[in-house]
Each structure stands twice: as structure tokens, then as C-alpha cells.
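To keep things clear, I will list the structure first and then write my remarks on it.
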Amino acid sequence: MAVINGYLKSFDHKNLYWYYWPANNPKGAIYLVHGMGEHAGRYEHVAHYFNDKGFSCFGFDQRGHGRSEGKRGHTPSYEALLKDIDLFIREGQKLNGNLIPFLYGHSFGGNLVLNYPLRRRTNFRGVIATSPWLELATPPSKSQELVAHIACVFSPSLTLKTGLNAEGLAKEKTVASNYTGDEYVHGLITVNMYTEIKRAAHFASANASRFPLPLLLVHGDADPITSFAASKKFANKAPHCTFKVWEGLYHETHNEANWMDVLDFNLEWMLKLLNH
């Protein structure tokens, strides 16, 4: 079925753009949380894949991203991001009824879906985190970190360029060109957003041993953007974790040449949980 779109009103009155991809006779629902600088519309092929397999999908452009309102790449706090997900889930449940839900996040969205069950009571059957931002593959220098720390105190909404190299998203060359040509993609992040994400990454990593839900953690071992090693450490500590390594793949495993193999694996993991 075709995507259904609309706006949600956040707790601080920001209009957040949502996407609903309903499946025919669905057996489950997936809540998609996108990464830094992008938007949920980039997951349309992912949603259609899961639609064909019997899962309805719901996504939204995070504040400061895509068609949603807010300063580009900024959040007043990490809690604001979690509240947006609270709203997203409540609205999705109205559309998806009593379908068994799964939470699915990529990169910055992976950071959020790892933190969310550690900070909220949820009814998700499981969580999928792909290439989560727990650490960056190439962290900022100590001097850059110091500047960011000072700026966060005096000018938290100061905007910087992320410096993301789109060539590192996937080996498929069209992915980078489509990304850089997408009018709803941006390469910006404020010092407060960076500081909040980093702090949340440390929190999630420190509390991995008490992660309460079944977890599928997916990462390509050639990812030049987020740290594969940090994901491996998290997976080794989390009690109910399946760690799927995709050899030679870059950051967006769902956009590589063998993306359907990647999603097939994610699907099988969810189907096993549905049958339990």
C-alpha cells in the first residue's frame, strides 16, 4: 500500500512529519528511527520490503530533520528526543492497533533505540539497532572535544558541520550521490546535540548488561562512520543480544548491494520472536 503522511505536534509544539507504510494483513509493526542528518523517507524501500513480509512500518522525521520543524541538527536535550519517540509510538499504536511492535533504529537512531528501553517501560517484542552511534569510527580530537564542551556551556545551539563523507555510507556509489542530492538531507549538528548524543552513548554502553529486551545489533565491519568495535563491546555485555556482523559492508547495511540479504536476516530474527 502507498505511504500515508501527516504531522504530529510535539510537546513543545514542533510539527514532526510522520510516515505510515501499512501492510495487508500485518502480523507485526516496526517503528523506524532514522540517523543524523537524514530523514525517514530514505527508508521507503526498507518499509516496502517489510510490508511485503507482513509488517506495517511507521517512521517520522526527527526534530531538526527532513520535513519536521526545528533548528537543523539541534535538540534542546536528549529527553526531548525521547519525548518525540513517546509521541511517535503513541500515534503509531493508534494506527497499528494490537500488532506486536518492534523498535528499529539506525546510527543516531540506533543510539536512541538502545537508550529508549533503558529509560522507558515499553511493550516492544524486540529492538534492532543498525550501525548505532555508540562511538564514532574517527572520534574528534581532544582539542575539538574541549571546544565543543566550552561552546555547549555558552552557546549550545552553535551549529557545526558533521563532516560526514557520504562515500562511507555504502559501497554502492549511487547511495552517496542520492544522499548529497537529497534536499531533505543536511550535514549539520549543534554542539548541544553532539554532547547529548555522546553522553547518551556512554550511558547505554555503561548499562548494556541490563538491556531489558531481545536485541539484534547489526554492523558492517568496514563501517568508516560509527565504531564497529563499540557495537561489539555492547553486544558482548547485553544479555539477550544477537550480534550480526556483515563483513566488508559500510555504514548503511540496508543500502548495500546485498541489502535484501541484510533485511532477510533482520526479518528472520523478528519472526522467531513472533513465534515465541
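So that you can scan it fast, the table gives a plain yes or no per residue for (1) modelled with pLDDT under 95; (2) within 25 Å of residue 265 (Cβ to Cβ):
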residue: 2; (1), (2): yes, no
residue: 11; (1), (2): no, no
residue: 36; (1), (2): no, yes
residue: 41; (1), (2): no, yes
residue: 46; (1), (2): no, yes
residue: 56; (1), (2): no, yes
residue: 73; (1), (2): no, no
residue: 84; (1), (2): no, no
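Pairs meeting the criteria (first residue in region 155-175 and touching a residue at least 60 places away in the same chain (Cβ under 8 Å) and closer than 16 Å to residue 227 by Cα, second residue crowded, with 16+ Cβ neighbours inside 10 Å and charged (D, E, K, R), beta carbons under 6 Å, at least 6 apart or on different chains) are 169/252; 170/252; 170/256. Check region 47-54 and report whether any residue there is closer than 29 Å to residue 159 by Cβ, of a type in the set (A, V, I, L, M) and in a helix (DSSP H, G or I). Taking every residue of region 47-54 in turn, none turns out to be closer than 29 Å to residue 159 by Cβ, of a type in the set (A, V, I, L, M) and in a helix (DSSP H, G or I).
So in region 165-191, with the set limited to residues that are part of a loop (DSSP other than H, G, I, E, B) and touching a Phe, Trp or Tyr at 6+ places or on another chain (Cβ under 9 Å), which one is modelled with the lowest pLDDT? If we take residues in region 165-191 being part of a loop (DSSP other than H, G, I, E, B) and touching a Phe, Trp or Tyr at 6+ places or on another chain (Cβ under 9 Å), then 172 is modelled with the lowest pLDDT.
For the condition within 16 Å of residue 17 (Cβ to Cβ) and crowded, with 24+ Cβ neighbours inside 10 Å, residue 66 qualifies.
Anything in region 76-109 that is polar (S, T, N, Q), under 22 Å from residue 198 (Cα atoms) and surrounded by 23 or more Cβ atoms within 10 Å (Cβ to Cβ)? List them, or say none.
107
Taken together, the residues in region 212-227 that are farther than 19 Å from residue 250 by Cα and surrounded by fewer than 21 Cβ atoms within 10 Å (Cβ to Cβ) amount to 1.
The values are calculated or read from the model by the stated rules, or taken from the named source; none is laboratory data. Quantities reported herein were computed from a predicted structural model and do not represent experimental measurements. FYI the Cβ positions are ideal-geometry reconstructions off the backbone, even for glycines, and counts take in every protein chain you see.
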